[in-house]
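The values are calculated or read from the model by the stated rules, or taken from the named source; none is laboratory data. Just so it is clear, the model here is predicted, and its values are computed rather than measured. Cβ atoms come from the backbone with ideal geometry, glycine included; neighbour counts cover every protein chain shown.
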Amino acid sequence: MDQAEKLRNIVREQEAIRSGARMITVTSGKGGVGKSSVSVNLAIQLQKLGHKVFIFDADFGLANVEVMFGAVPKYNLSDVIFRGKQIEDILIDGPMGIKFVSGGSGIAELSNLTKENVRFLSSKLARLETMADIIIVDTGAGISDTVIEFVKSSREVLLVTTPEPTSITDSYALLKALARRENFDRKYTTIHLLANKADNVVEGRIVYNKLELVAEKFLDMKLNFLGYIPNDSYVMKAVMQQKPVSVVYENSKAARAFLHLAECLSKNSVKEVKERKGISQVFFNILKR
């Protein structure tokens, strides 16, 4: 790649960041709380509302999103860097016209990237931001460095928690790790709390109140209560079919709740577009370390 091409890539990257997709990072303090189910069903309902939605599966080495879609990706990010594939080559078709990108087990190759590799990948990822309205990033669970970097670099975060005490405790641990991270900007980041697998809105509010109280008192951090997703047997039935509940049981309690969630997020759009960091910039920040 010559110097002129490098400069063109940088310009394209910056243009995409300024005008690109809204990025929502979905995360959780522990596994098993339904984070990937939230990512997938939220994407479907946002798509139904007229948005063009992509899912970026950043739970590297696992395959939760593709399992829920019943898909087997042929390529992943490492193929873009090392094997000459384009971003369009690694996009997988999901339901309702949704596209998703698999991190894949081959992502381990990304741990030893050169600075040139990082810039190259960032310029390629900028292409995603011109193709979608919303990019949902499904992170791994827990407080690994990669998860915290994704959350720290995101303008908008959706923290998935259940009423279980361990889930609430682990969610607080994630917020604590985030608050201690250097350069974390509380004013820049909006953190939505979603209570998953709650019996009703009252239980969902209790989950929120517990976390909001300790987060504000000890971390000087504010949370936004986005709502709850009810316990619903149809969710597990859909999982067993490797299909999202919002597709196969669209009139179920859970599917209706995901639609309400999508409507709330649509109304609560991020207005500070010029300050938004796109997925290409987020990856640049993570991989350059």
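Met236 meets each of the listed conditions (1) without any contact (Cβ under 8 Å) to a residue 24 or more places away in the chain; (2) within 25 Å of Ile191 (Cα to Cα) apart from (2). Residues of region 233-249 that are at pLDDT 95 or above and not in a helix (DSSP H, G or I): Tyr249 alone. The set of residues in region 12-54 that are modelled with pLDDT of 85 or more and of a type in the set (Lys, Arg) comprises Arg22, Lys30, Lys35, Lys48, Lys52. Within the span defined as region 144-165, one or more residues are touching a strand residue (DSSP E or B) at 6+ places or on another chain (Cβ under 6 Å) and free of Cβ contacts under 8 Å to residues at least 60 places away in the same chain. Quick one: is Glu149 surrounded by fewer than 21 Cβ atoms within 10 Å (Cβ to Cβ) and assigned to a helix (DSSP H, G or I)? Yes: the conditions hold for Glu149. The residue that is surrounded by the fewest Cβ atoms within 10 Å (Cβ to Cβ), counting only those in region 36-57 that are assigned to a loop (DSSP other than H, G, I, E, B) and either touching a residue at least 12 places away in the same chain (Cβ under 8 Å) or under 10 Å from the mean Cα position of the chain (by Cα) (or both), is Leu49. Here the condition is being at pLDDT below 95, touching a strand residue (DSSP E or B) at 6+ places or on another chain (Cβ under 7 Å) and within 22 Å of Leu175 (Cβ to Cβ); of Val207, Val270, it holds for Val270 alone.
Sub-8 Å Cβ pairs linking a first residue in region 191-211 that is among the charged types (D, E, K, R) to a second residue that is surrounded by 17 or more Cβ atoms within 10 Å (Cβ to Cβ) and in a helix (DSSP H, G or I), at least 6 apart or interchain, are Lys210/Ile168, ordered by first then second residue. Under the condition of being in contact with a Ser or Thr (Cβ under 8 Å, 6 or more places away or on another chain) and part of a helix (DSSP H, G or I), which residue from region 152-175 is surrounded by the most Cβ atoms within 10 Å (Cβ to Cβ)? Among residues in region 152-175 that are in contact with a Ser or Thr (Cβ under 8 Å, 6 or more places away or on another chain) and part of a helix (DSSP H, G or I), the one surrounded by the most Cβ atoms within 10 Å (Cβ to Cβ) is Ser171. When region 176-204 is limited to residues that are assigned to a helix (DSSP H, G or I) and out of contact with any Pro (no Cβ under 6 Å at 6 or more places or on another chain), the one that is surrounded by the most Cβ atoms within 10 Å (Cβ to Cβ) turns out to be Gly204. Looking across region 205-256, just one residue is of a type in the set (D, E, K, R) and in contact with a Pro (Cβ under 6 Å, 6 or more places away or on another chain), and that is Lys253. Is it the case, given these coordinates, that Ala254 is in a helix (DSSP H, G or I), closer than 17 Å to Val160 by Cα and under 23 Å from the mean Cα position of the chain (by Cα)? Judged against the criteria, Ala254 is a match. Can you pull out the residues in region 135-171 that are more than 24 Å from Pro230 (Cβ to Cβ) and of a type in the set (A, V, I, L, M, F, W, C)? Ile135, Val137, Ile143, Val147, Ile148, Phe150, Val151 - these are the residues of region 135-171 that are more than 24 Å from Pro230 (Cβ to Cβ) and of a type in the set (A, V, I, L, M, F, W, C). Among the conditions (1) in a helix (DSSP H, G or I); (2) at pLDDT 70 or above; (3) polar (S, T, N, Q), the only one that Asn9 does not satisfy is (2). In this entry, Ala126 passes the filter for residues that are in a helix (DSSP H, G or I) and within 29 Å of Gly50 (Cα to Cα). Restricted to region 72-104, and to residues there that are assigned to a strand (DSSP E or B) and modelled with pLDDT of 80 or more, the residue that is farthest from Lys124 (Cα to Cα) is Asp93.
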